[in-house]
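Bear in mind that the values in this text are calculations on the coordinates, not laboratory data. On a predicted model such as this, the values are computed, not experimentally measured, just so you know. Please note: Cβ atoms are built from the backbone with ideal geometry, for glycine as well, and neighbour counts cover all protein chains shown.
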Amino acid sequence: MADDVILQLNNVESAYGPVKAIRGVSLKVSQGSIVTVLGANGAGKSTILKTISGIIDPQKGSILYRNEPIQKKDPAWIVRQGIAHVPEGREIFPLLSVRENLIMGAYTRPMGEKAEVEREIEQVYGYFPILKERTGQPAGQLSGGQQQMLAISRALLAKPTIMLLDEPSLGLSPKLTHEIFEIIKRINAERGVTILLVEQNARVALKYADYGYVLEVGRIVMEDPCAVLREKEDVKEFYLGIKDSGVRGTRRWKKKKTWR
Amino acid sequence: MLQFLQLIASGVAQGCIYGLIALGFVLIYKATETVNFAQGDLMMVGGFLGLTGTLALGLPFWAAFVAALAVMFFFGMALERAVLRPLLGQPAFTVVMATIGVGFLARGLVTMIPEWGTDTHVLPVPYKDEIVQVGGLVLSMEHLVVIAVTALLILGLYLLFKHTRIGIAMQATSQNQLAAFYMGIPVRRINMLIWGISAAVSACAGLLLAPITFVHANMGFIGLKAFPAAVVGGFGSIPGALVGGLIIGIVETLAGFYLPEGFKDIAAYIVVLVMLAVKPNGLFGENLRKKV
């Protein structure tokens, strides 16, 4: 894991006003991998991503991208370095057409790459054929799943080296969630885009990711390759909802998380 | 019948002016969700700039026209940078008060400039008092110029917003500012540009209106009638602003002719009240509510 680390957070602390959202988070993402951060509502998962993409400035700690510090830089600059953010709740432009949304994804690229952008829009339509059918429609008319596809495609148009995905499964059916994760996996494999994925849906995230972190109330409490995490008792019980209980069952109220 | 058409024509011309000022309101409202109450005063400053261009500098009218628009474009951007941006994140009320303050300031300062002062001025135009006859209809050139220039300006803005990347980015920013940040769109610079365009559009309205009325420090109060135009069209809709302007202009002109004296000035507000009762979102109002 330690080799060719592309993104590294060292002891990062961020807050919304007086409320500390993440307290000393350190994590590493190596090139070409899919890394996931699991956690419940309000654990600070989105804050991690927002801090990386410069929407929030961290109060402490450093963020290294290709061994260069990127904290407290302008979000536009960070996008240009190759870090694209797919925000929680899609955040598409509702009145722009699907195509115009995609063009906005490529906003930071120089004007001279217009032909290339056109070509890439076609490639992206290859991943999500439904978007091609709806290319002229206002994005606000798309269904939730289609909007998620659009949000991912839009980020791809920025030609990212690393993509930050914030809860892509939010509000989607299990079937659609799997479809989207299959494509995320394909994007990772075919384009070599590194993926940092934040999820509440631990089951699906652990299935597709290589390495995982567990975040609780702003702190990383556990990290391991996903194959290991999947087998851990605590993760099973508290994030996957599986219990290997005996005939009499475990008395749940006595069970404590072992990491505290 | 001929008289009716005659009235419609002058109503349309008047409506174009309202429409342009309303457009200025709408552009800023869409981009920054604040109402710029200095819009009418920006128009007034534009009128005075045209006056200075033609009289003091001796430029040909159209050159002065374009120069005034350019100056106002930069003035609008400077205004955003100096007054509005420091208030970013403050409640809407604060921002609105700041724009009202800018309006007062503009009206006050203009009267202190020696050549401008408190007098009413006539903006000399090359097409003064010219008349075009179509059938039996007698149209004044001033009205035709208003309509033609408005149409050109609208076409230009349409092309900008629909077919250029920066124009699409302006729309994107107004629809979802946070997402625009995520895409690396320079939101602050875009807002500044919007203020510039809005100020230039207002100045255009002022320069078109000047030959019909006069240029004076209080001409900006016409903004109070453009406001209903924006509401009728559905605040936040660009075509709505123009259609609203045309409706207010035509209704006002007809009311001034057919109804007893006094109705001309209140006609616009009656239209707004009716509109708010019947269709509170306005004609082209977007029904997109903010989602949490």
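Charge tally for B:Arg85 (other residues, Cβ to Cβ under 14 Å; Lys, Arg +1; Asp, Glu -1): +2.
Summing charges over neighbours of A:Leu102, with a neighbour being any other residue whose Cβ is under 15 Å away from its Cβ, gives +2 when K and R count +1 and D and E count -1. Taking a ≥ b ≥ c as the square roots of the Cα gyration tensor eigenvalues, chain B comes out oblate, since a/c reaches at least 1.5 and a/b does not exceed b/c. Comparing Cα centroids, region A:1-48 and region B:9-43 end up 47 angstrom apart.
Here region A:92-116 and region A:175-217 have alpha carbon centers that stand 25 Å from each other.
Going from the residue with the fewest nearby Cβ atoms within 10 Å to the one with the most, A:Thr108, B:Thr94, A:Thr135, B:Thr34 rank B:Thr94, A:Thr135, B:Thr34, A:Thr108. Here's how it looks for A:Gly212: its modeled amide H is under 5 Å from those of A:Thr36, A:Asp224, A:Cys226, which are all 5 or more places away or on a different chain.
Spin-label model, B:Leu2 to A:Ala227: label points 7 Å out along the Cα-to-beta-carbon direction sit 9.4 nm apart. Normalised by residue count, region A:5-254 yields a Cα convex hull volume of 135 Å³ per residue.
Among residues other than A:Pro58 with Cβ under 12 Å from its Cβ, the summed charge is +4 (Lys and Arg +1, Asp and Glu -1). Nearest 10 degrees is fine. How inclined is helix A:114-127 to the longest principal axis of chain A, computing both from alpha carbons? Taking Cα atoms only, the helix is inclined about 50 degrees.
Backbone phi angles across region A:21-26, fed through the Karplus curve with coefficients 6.51, -1.76 and 1.60 (θ = phi - 60°), yield HN-Hα couplings of 9, 10, 10, x, 8, 10 Hz in residue order; Gly and Pro are listed as x.
Taking the Cβ-Cβ separation of B:Asp265 and A:Leu64 as r and a Förster radius of 60 Å, what is the calculated FRET efficiency to the nearest 0.05? Efficiency, from the Cβ-Cβ distance: 0.35.
For each of B:Leu123, B:Leu224, count neighbouring Cβ atoms within 10 Å of the residue's Cβ, then give the residues from fewest to most.
Listed from fewest to most nearby Cβ atoms, that is B:Leu224, B:Leu123.
Which of B:Ala241, B:Ala203, B:Ala255 moves most in a GNM of chain B, Cα contacts under 10 Å? The residue with the greatest mean-square fluctuation here is B:Ala255. Among complete DSSP H helices in chain B, those whose alpha-carbon atoms stretch at least 27 Å along the helix's long axis and whose mean Kyte-Doolittle hydropathy reaches 1.6 are B:92-112, B:141-163, B:238-258. At full extension, B:Leu109 and B:Leu88 could sit 5.0 nm farther apart than now, given 0.36 nm per residue minus the alpha carbon distance. Choose one answer from A:Ser169, A:Ser62, A:Ser143: the residue with the largest mean-square fluctuation in a GNM of chain A with alpha-carbon springs under 10 Å. Answer for the Gaussian network model of chain A: A:Ser143.
When the trypsin sites (Lys or Arg not before Pro) in region B:207-292 are filtered for DSSP coil states and for at most 10 other beta-carbon atoms within 10 Å of their beta-carbon, the remaining sites are B:Arg289, B:Lys290, B:Lys291.
Once the Cβ-Cβ distance between A:Gln200 and B:Ile147 is put in as r, and R0 is 41 Å, what FRET efficiency do you end up with, to the nearest 0.05?
For R0 = 41 Å, the calculated efficiency reads 0.10.
With a Förster radius of 41 Å applied to the beta-carbon distance between A:Glu182 and B:Tyr158, the computed FRET efficiency rounds to 0.50. Near the amide H of A:Gly24, within less than 5 Å, lie the amide hydrogens of A:Val12, A:Glu13, A:Ser14, all on another chain or at least 5 residues away, with H placed in the peptide plane. Of B:Ala180, B:Ala82, B:Ala98, the residue with the greatest mean-square motion in the GNM of chain B, using alpha carbon springs below 10 Å, is B:Ala82.
For chain A, find the longest principal axis of its Cα atoms and tell me its angle to the long axis of helix A:144-156, 0 to 90°, nearest 10. Roughly 70 degrees, rounded to the nearest 10.
Label-to-label distance for B:Ala78 and B:Thr118 is 2.6 nm, based on points extended 7 Å past Cα in the beta-carbon direction.
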